[in-house]
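*Asks:* To start, I am sharing the structure in question, which I have written as C-alpha cells.
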Amino acid sequence: MAARASRLFQLSAMLSVSLCAVTLAAQDKPSTTDLKYQLPPEVMVKLVDAAPTPTISLSPAHASGPRRILIQQSSSLPTIADLAEPELRLAGLRFNPKAGAPSRTRYFVSLKLQELPTGSKPTAETPITGLPPKPHILYTHWSADGRHIACVNEDSATGLSLWIVDVTSAHATHIPGVRLNAVLTDPITWLNDTALAVLAIPADRGPAPIHSDLPTGPVIQENEGRATPAPTYEDLLKSPSDERIFEYHATSQITEVKLAGTTRKLGKSGVFAGLESSPDGRYLLAEELHRPFSYNQPSERFPTRREVYSVSTGEAKLLDDSPLIDNLPIDRDAVEPGPRDYGWRADVPATVYWVKAADGGDPKRESAVRDRIYTLDAPFTGEGKPIADLALRFRNIEWGSEHLAVVTEVRWKDRHLILAVLDPAAGKLTQLYQGSTQDRYNDPGRPMLTRDPQGQLVLQTTADGQGIYFSGAGASPKGDTPFVAVMPLNNGENPTESRLWQSQAPFYELASAVIPSANGIQILARRESVEQSPNYFLTAPITGSTTASQTQWTAVTVFPNPYAGLPMPTHQLLHYKRADGVDLTADLYLPAGYDKDAAKAKGPLPTLMEAYPAEFKSRAAASQATGSPYEFVRIGAGSPVFFAMTGYAVLANAAIPIIGEGSAEPNDTYVDQLVAGARAAIDAGVATGSVDRSRLAVMGHSYGAFMTANLLAHCDFFRAGIARSGAYNRSLTPFGFQNEERTYWQAPEVYYKMSPFSYADKIKTPILLFHGEADNNTGTFPIQSERFYSALKGEGATVRFVLLPLEAHGYQGRESVLHMLWEMERWLDKYVKPQPPAA
C-alpha cells in the first residue's frame, strides 16, 4: 500500500508540475539583461571561423570522357541576420516563404570541377563560371552521361532558380522562367540526359494568405474514444489560417524542363512531398499530401496520394491514397497498416515497388511475416505482385539486376538485423548476415552502389558478377579501420566476405567509391591523420593486399588545413572498464605542447567531461569501442574541444552505456548506470596524470544536457555543469522519449526518477543552462529549461540561464556560438579552474 501511495503521489506531483509549467510560463520568464553578444578568446574565434572542408561528388561511372569530381565548398556559420530572415514554422517544417526553401540550411558557396588523375599528381581544379556572384547552392545532380550538372540556387529576393552546368566548359547557365519550390523536398529529378522534371511554383497561385490576429471563432479539436498517442512534436498547424498558409507555400506544379529552355506542365498542381523519375524517364512517381491536415502530427504523417504520371501525356494513375497516420502505438517496430516506402526499382525501366505490413503494423501480433515487398510494372494497372516475405521490419532495398537485390531487415525491440540477397524474379531470399544492429565488431558493412547508364544507383558487383562490393567501419577494440570487401553470392547462407582493402595506421581512410581500371580496381578514399586534414586519394590498382606497404596512394585533392598555424590539442583514445566490467572508451584532448612529466610540479589540469548516453540491449555491444585515434580533430560549433585550447583537459565522447538485457529495459537502472559510467571515465582520465579529480565539470547537449542535470543531482563528482537544450521534466514528454517506448502511465516511477526536475532541491552544484528560443526538436521545448531554471532558482541553486534568440535545437548563428563559448569559458574559469573551490 505504501509503494502504491508513493507512486500516486509522484504521479500527482508531476502532473501538477506540468500544469503549472503551462500556466505560469508566460508570467515567470527568466530575467533578462542588456548584455550584447560577447566574444571568447581569439583562438576560439579562429576555430569557429575556419572554413569547412569541401565535399565531393563523383561523376557517373558511365560518363562520357574522363571521370571527374564536383568540389563543393560549404558555407560557414550564418549570422544572426541570416537567421532573422523570414521563416514560417508550420506542419513540423521551417521554411523561408520568400525563397520557397527550408530555412537554416547550409549551402554551397562555390563549385569546382576536377578530373581524376591518371598519373602520380593531382589535376588542376576548374572553377565553375556563370553562377551568381555570391551563390547559395542547395542541390546538385549529375546527368546520367556526366555532361551536365543541375543545381538549385537560392536568392532571398527572387527565390529558387535552376542552373545547368556544362561540364566540358565548366560554365553554368540559368534556365529562365522557372521558379522552384523546395518547401517539402528536393525539387529536381533528371528524366534523361536532355530534360528534367521539377517542382515549380504555380504561375497562377496569386498572393499569399495573410494571417490575421483577429479570431473568427474558437479552434476546436475533438477525439471520440480513439487512441492516438503522439510524441511532443514542434511547429504544428494550429488553426485554419495555418492550414491555408501551409497549403499555399507547399503547393507545386510538376513541370518538364528541357536543357534548351522550354517548359511544359504535367498534370495539376498539388502539395507534392516527393518526385522521382523512373529509370527510363517515361514516368514520375509523385507523393501528394492532402486534407484533412492534422494539428497533432507533422506533414510526413498527413494523408498521402501516391501517383504515377506519364511524362508524355501528363496523365496520373493512382497507386494508393493513405489516411492520416495518427494511431500508431508508441513502439519503434510499429508501422502504418497500409502500403508505404514507395520507390522505383533502379535496375529496370519502369517498375514501382512498395512495402506493406503483413501483421497489420502491430509488432505485438504473432506473425511469421512482418513485412511484404510488392512490385507493379508499367502501365501500373491491377494488383501488385508480392516478391518477398520478411521476418523483420523492412529498412531498405538496393537493386542490382533481374536476379539480384539486397534487403535490410531490422527489429528494434532486440536490435536484430538481417541482410539478405533477394532474387526478385524467383522471390527467393538468401541470408547474408544476421546479428545485432549494435554489434559493430562483426558488422559486415553495407553494399556499395554505382550509377548505371540510366544514372540510377545500383549494386556494384565484381567484374564476374559473383560478388558485391561492401564497405564498413571495420570496428575493433583498437578503433575503426574502414574496409572494402567482396561479399560472395554463391556460397550459401551466411557467406564470409573477402576484404580487399582496409585503412592502415597512422591514417584514418574511408572509401568513397570503387572505380574499375584497366588493371583491376582503384579505391577513391578520404584520408586523414592526427596531423593531416582530410583529402581525397586514389589507390594504385590492387589485387587483394591490405598491407600499408603494398597500398600506394595518389593525391586527388589538395584542400588546405583549416587550422593551419593554430596550436591544436593532442588526442588520445582511452580504454577502461566500468565497475561492472563493461569496457568503455573516451577521447582525451590535451593542450598543445602539454608535457605530463614537465607538468607534474604544477599538477593535473582542470577538466571538462562531455558525453551523450546510449541505450544497449547487451553488455557485449555496450563494450565495443567507437571512433579512431587517427582521425583529424575537426572542432564543430558545439564541441567541448575548444577548451583544450585554453588550458583544460577535455574528456570527450565518454561512453555512458545504459544497458537492459533480456526483458529488462535500460532505463530501469538509468541513474545507477549513469553515475557508474561517469565515475569510470573520471578514473581513467585521472590515471593518465592529466585530469584533476578535484577540478571537474560536466557538459552535454540535448539528451547530454539531461544527463548533466541528472549527474549533478545524483553525485558529487563535479564542481560545475553546462546543460544545453535539454528536457528535464519527463511528464512533459508522456508518450516516450529518446529510446524509452513506455508511456508515462505505464512507467510513472521511471519518468519520475529519470527527471532531474524531481530533484531540483538536491542540485547545489553551479549549473549553466542554454536553450534556443526557437527549439524545433521533439520534446525539448524551451519551457523545459525555463521551468527547470525557475525550480533551481526557487531552491537556492547557483544557476545561470542563457536563452539564445532565433536559435533552434542546434545553435547556428555565428554570434550565438561565439557568445555561448564566452559564457562557458567564464563559467569554467570561475567555478572549475581555481585551485581552491570557488565560493
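The values are calculated or read from the model by the stated rules, or taken from the named source; none is laboratory data. Just so it is clear, the structure is predicted and the values come from calculations on it, not from any experiment. Note: ideal-geometry Cβ built from the backbone for every residue, glycine included; neighbour counts use all protein chains shown. For the accessible areas, the whole protein counts, side chains as well, though only heavy atoms, and no ligand, DNA or RNA atoms are used. Shrake-Rupley method; radii C 1.70, N 1.55, O 1.52, S 1.80 Å.
*Asks:* Could you please put E398, E307, E773 in sequence from largest to smallest accessible area, using a 1.4 Å probe?
*Replies:* Numbers: E398 45, E307 20, E773 80 Å².
The ranking, largest first, comes out as E773, E398, E307.
*Asks:* For Q434 and Y295 in one chain, what is 0.36 nm times their gap in residues minus the Cα-Cα distance, to one decimal in nm? Each step should come with its number before you reach the end.
*Replies:* Values: separation 139, 0.36 × 139 = 50.04 nm, distance 4.05 nm.
My answer for the length gained is 46.0 nm.
*Asks:* Using every Cα-Cα pair within the stretch 700-739, state what percent have a distance larger than 12 Å. Could you put the intermediate results ahead of the total?
*Replies:* Numbers: 453 of 780 pairs.
Pairs farther apart than 12 Å: 58 percent.
*Asks:* Another one. Restricted to Cα positions, what overall size does the stretch 591-708 have along the principal axes? Three whole-Å values, descending.
*Replies:* Here the spans come out as 51, 28, 25 Å, largest first.
*Asks:* Something else about it: Quick one: Cα centre-to-centre distance for the stretch 614-636 and the stretch 644-676, in angstrom?
*Replies:* Between the Cα centre of the stretch 614-636 and that of the stretch 644-676, the gap is 12 Å.
*Asks:* Let me ask something additional. Using a 7 Å offset from the Cα along the Cα-to-Cβ direction at both S367 and S533, what is the distance between the two label points in nm, to one decimal?
*Replies:* 5.1
*Asks:* What FRET efficiency would be calculated for the residue pair K238, E42, taking the C-beta separation as r and a Förster radius of 41 Å, to the nearest 0.05? It would help to have the intermediate numbers written out before the result.
*Replies:* Values: r = 45 Å, r/R0 = 1.10.
Once rounded, the FRET efficiency stands at 0.35.
*Asks:* Using the Karplus equation 6.51 cos²θ - 1.76 cosθ + 1.60 (θ = phi - 60°), what ³J(HN,Hα) coupling, rounded to whole Hz, does each residue of the stretch 126-132 give in order, writing x for Gly and Pro?
*Replies:* Result, rounded to whole Hz: 10, x, 7, 9, x, 6, x.
*Asks:* First measure r as the distance between the Cβ atoms of D668 and R205, then evaluate 1/(1 + (r/R0)^6) with R0 = 41 Å and state the FRET efficiency to the nearest 0.05. Spell out each step's value before the answer.
*Replies:* Working: r = 54 Å, r/R0 = 1.31.
The value I calculate is 0.15.
*Asks:* Along Cα→Cβ, 7 Å out, is where each label goes; now give me the distance between the ones at T375 and T168 in nm to one decimal.
*Replies:* With each label point 7 Å from Cα toward Cβ, the separation is 3.7 nm.
*Asks:* Take the Cα of T228, step 7 Å along the line toward its Cβ, and report every residue of the stretch 273-311 whose backbone nitrogen sits under 14 Å from that point.
*Replies:* It comes to 291-299, 301-303, nothing else.
*Asks:* If amide H atoms are built 1.01 Å from N in the plane of the peptide, which residues on other chains or at least 5 residues away come under 5 Å of the amide H of W501?
*Replies:* Placed amide hydrogens put V484 under 5 Å from W501.
*Asks:* What is the set of long-range amide H partners of E807 at a cut-off below 5 Å, with H atoms built 1.01 Å from backbone N?
*Replies:* E773, A774
*Asks:* Once the stretch 178-324 is represented by equal point scatterers at the alpha-carbon sites, with solvent omitted, what log10 I(q)/I(0) does the Debye formula produce at q = 0.19 Å⁻¹?
*Replies:* -1.14
*Asks:* Can you give the accessible area of R393 in Å² (nearest 10), computed on protein heavy atoms with a 1.4 Å probe?
*Replies:* Per-residue accessible area (R393): approximately 20 Å².
*Asks:* OK, next. Taking 0.36 nm per residue of separation and subtracting the Cα-Cα distance, what length does fully extending D280 through Y612 add? Spell out each step's value before the answer.
*Replies:* Values: separation 332, 0.36 × 332 = 119.52 nm, distance 4.59 nm.
Stretched out fully, the D280 to Y612 stretch lengthens by 114.9 nm.
*Asks:* Still on this model: Would you calculate a helix-derived [θ] at 222 nm for the chain, using -39,500 (n - 2.57) for each DSSP H run of n ≥ 4 and dividing by the full residue count, to the nearest 500? Kindly include the intermediate steps, with their values, before the conclusion.
*Replies:* Working: 10 runs with 118 residues, N = 839.
After summing the helix terms and dividing by residue count, I get -4500 deg cm²/dmol.
*Asks:* Students sometimes get this wrong: rank C715, C151 by accessible area, probe 1.4 Å, all chains present, largest first.
*Replies:* Working: C715 25, C151 0 Å².
The residues order as C715, C151, largest area first.
*Asks:* Still on this model: Under the Kirkwood approximation applied to all pairs of distinct alpha-carbon atoms, what is the hydrodynamic radius of the stretch 764-832 in Å? It would help to have the intermediate numbers written out before the result.
*Replies:* Working: mean 1/r = 0.0786 Å⁻¹.
So the Kirkwood estimate lands at 12.7 Å.
*Asks:* For the stretch 574-622, what D do you get in µm² per second when you plug the Kirkwood radius from alpha-carbon pairs into Stokes-Einstein at 4 °C and 1.567 mPa s? Provide the component values of the computation, followed by the final result.
*Replies:* Values: Rh = 13.8 Å.
In µm²/s, the coefficient is 94.
*Asks:* How much length is gained if the chain between T158 and K793 is pulled fully straight, taking 0.36 nm per residue apart and subtracting their Cα-Cα distance, in nm to one decimal?
*Replies:* Details: separation 635, 0.36 × 635 = 228.60 nm, distance 4.83 nm.
That pair, T158 and K793, stretches by 223.8 nm at full extension.
*Asks:* With a sphere of radius 11 Å drawn around the Cβ of L510, what net charge do the other residues whose Cβ falls strictly inside it have (Lys, Arg +1; Asp, Glu -1)? Walk me through the numbers on the way to the answer.
*Replies:* Numbers: positive: R526, R527; negative: D480, E509, E528, E631.
Around L510, the charge tally is -2.
*Asks:* Which net charge results when you count Lys and Arg as +1 and Asp and Glu as -1 among the other residues whose beta-carbon is under 12 Å from that of L588?
*Replies:* Working: positive: K596; negative: D587, E610.
With Lys, Arg at +1 and Asp, Glu at -1, the neighbours total -1.
*Asks:* In square angstrom, rounded to the nearest 10, how much accessible surface does S74 have for a 1.4 Å probe?
*Replies:* My reading of the accessible area for S74 is about 20 Å².
*Asks:* Then there's this: At a 1.4 Å probe, what is the % contribution of carbon and sulfur to the accessible area of the chain? Intermediate results must be reported in sequence, preceding the final value.
*Replies:* On the way: 18420 of 35550 Å².
That share works out to 52 percent.
*Asks:* If each of I220 and A124 carries a label point 7 Å out from its Cα toward its Cβ, how far apart are those two points in nm?
*Replies:* Between I220 and A124, the label points sit 7.3 nm apart.
*Asks:* When you count, for each residue, the other Cβ atoms within 10 Å and take the mean per peptide, how do 204-210, 513-519, 229-235 rank with the highest first?
*Replies:* Working: 204-210: 10.0, 513-519: 15.3, 229-235: 17.1.
Ranking the peptides 204-210, 513-519, 229-235 by packing returns 229-235, 513-519, 204-210.
*Asks:* If you plug each phi of the stretch 624-632 into the Karplus form 6.51 cos²θ - 1.76 cosθ + 1.60 with θ = phi - 60°, what whole-Hz ³J(HN,Hα) values come out, in order, with x for Gly and Pro?
*Replies:* 7, 6, 10, x, 9, x, 10, 6, 5
*Asks:* Also: If DNA, RNA and ligands are ignored and the probe is 1.4 Å, what is the ranking of S498, S120 by accessible area, most exposed first?
*Replies:* S120, S498
*Asks:* When you have a sec, figure out the Kirkwood radius of the stretch 440-504 from all distinct Cα pair distances and drop it here in Å to one decimal?
*Replies:* 12.6
*Asks:* Quick check: from the Cα gyration tensor, does the stretch 686-820 come out rounded (a/c under 1.5), prolate or oblate? Could the numbers behind the result be given before it?
*Replies:* Working: a/c = 1.58, a/b = 1.12, b/c = 1.41.
Oblate, because a/c is 1.5 or more while a/b does not exceed b/c.
*Asks:* With every protein chain present, what accessible area does T437 have (1.4 Å probe, heavy atoms only), rounded to the nearest 10 Å²?
*Replies:* 60
*Asks:* On the Cα set of the stretch 156-231, report Rg and Dmax in Å, please.
*Replies:* Values for the stretch 156-231 (Cα only, Rg and Dmax): 21.0, 65 Å.
*Asks:* If I take the Cα coordinates of the stretch 74-182 and project them onto the principal axes, what are the three extents in Å, biggest first?
*Replies:* Over the stretch 74-182, Cα extents along the principal axes are 52, 31, 26 Å.
*Asks:* Here's something else I'd like to know. Might you report the magnitude of the Cβ-based charge dipole of the chain about its Cα centre, with Lys and Arg at +1 and Asp and Glu at -1, to the nearest 20 debye? Don't skip to the answer; put the middle values down first.
*Replies:* Details: 78 positive and 90 negative charges, 257 e Å.
With only Lys, Arg, Asp and Glu charged at Cβ, the dipole is about 1240 debye.
*Asks:* Give the relative contact order (percent, whole number) for the chain; include only Cα pairs under 8 Å separated by 6+ residues. Walk me through the numbers on the way to the answer.
*Replies:* Working: 1933 pairs, mean separation 81.5, N = 839.
So the answer I get is 10 percent.
*Asks:* Quote the convex hull volume per residue of the stretch 348-392, based on C-alpha atoms, as a whole number of Å³.
*Replies:* Working: hull volume 3.0 nm³, N = 45.
In the stretch 348-392, the Cα convex hull volume per residue is 67 Å³.
*Asks:* Kindly report the accessible area of the stretch 670-725 per residue (heavy atoms of protein chains, probe 1.4 Å, no ligands, DNA or RNA), in Å².
*Replies:* Working: 1280 Å² over 56 residues.
I get 23 Å² per residue for the stretch 670-725.
*Asks:* By the scheme Lys and Arg +1, Asp and Glu -1, what is the net charge of all other residues having a beta-carbon under 12 Å from that of L259? Walk me through the numbers before you get to the answer.
*Replies:* Values: positive: R147, K258; negative: D145, D166, D193, E256.
Result for the neighbourhood of L259: -2.
*Asks:* Taking amide H atoms as placed 1.01 Å from N in the peptide plane, list the residues 5 or more away in sequence, or in a different chain, whose amide H sits under 5 Å from that of S252.
*Replies:* Those lying under 5 Å, H to H, from S252 are G270, V271, F272.
*Asks:* Over all Cα pairs of the stretch 87-140, how is the pair count split among 5 Å bins, expressed in % and running from 0 up to the last occupied bin?
*Replies:* All Cα pairs considered, the percentages come to 4, 15, 17, 15, 13, 11, 9, 6, 5, 3, 1.
*Asks:* Only helices at least 20 Å long along their own axis, judged from Cα atoms, and with Kyte-Doolittle mean hydropathy of 0.5 or greater: name those in the chain from DSSP H. Could you put the intermediate results ahead of the total?
*Replies:* On the way: long enough: 2-24 (32 Å, 1.18); 670-687 (26 Å, 0.81); 814-831 (26 Å, -0.81).
Correct list, ordered by number: 2-24, 670-687.
*Asks:* A further question on this structure: Show me, for the stretch 212-226, the HN-Hα J-couplings you get by feeding each phi into the Karplus relation (A = 6.51, B = -1.76, C = 1.60, θ = phi - 60°), rounded to Hz, glycine and proline as x.
*Replies:* 10, 7, 8, x, 9, x, x, 9, 10, 10, 8, 9, 10, x, 9
*Asks:* Per the Kirkwood formula on distinct C-alpha pairs, the Rh of the stretch 322-431 is how many angstrom? Please report the intermediate quantities before stating the final value.
*Replies:* Numbers: mean 1/r = 0.0692 Å⁻¹.
Hydrodynamic radius (Kirkwood, Cα only) of the stretch 322-431 equals 14.5 Å.
*Asks:* Next question. As I understand it, the dipole of the chain uses +1 on the Cβ of Lys and Arg and -1 on the Cβ of Asp and Glu, about the Cα centre. Which of S110, H403, I325 lies farthest toward its positive end?
*Replies:* S110
*Asks:* For the chain, what number results from the quotient of the Cα radius of gyration and 2.2 N^0.38 Å?
*Replies:* On the way: Rg = 27.8 Å, N = 839, 2.2 N^0.38 = 28.4 Å.
Rg over 2.2 N^0.38 Å, computed on Cα atoms: 0.98.
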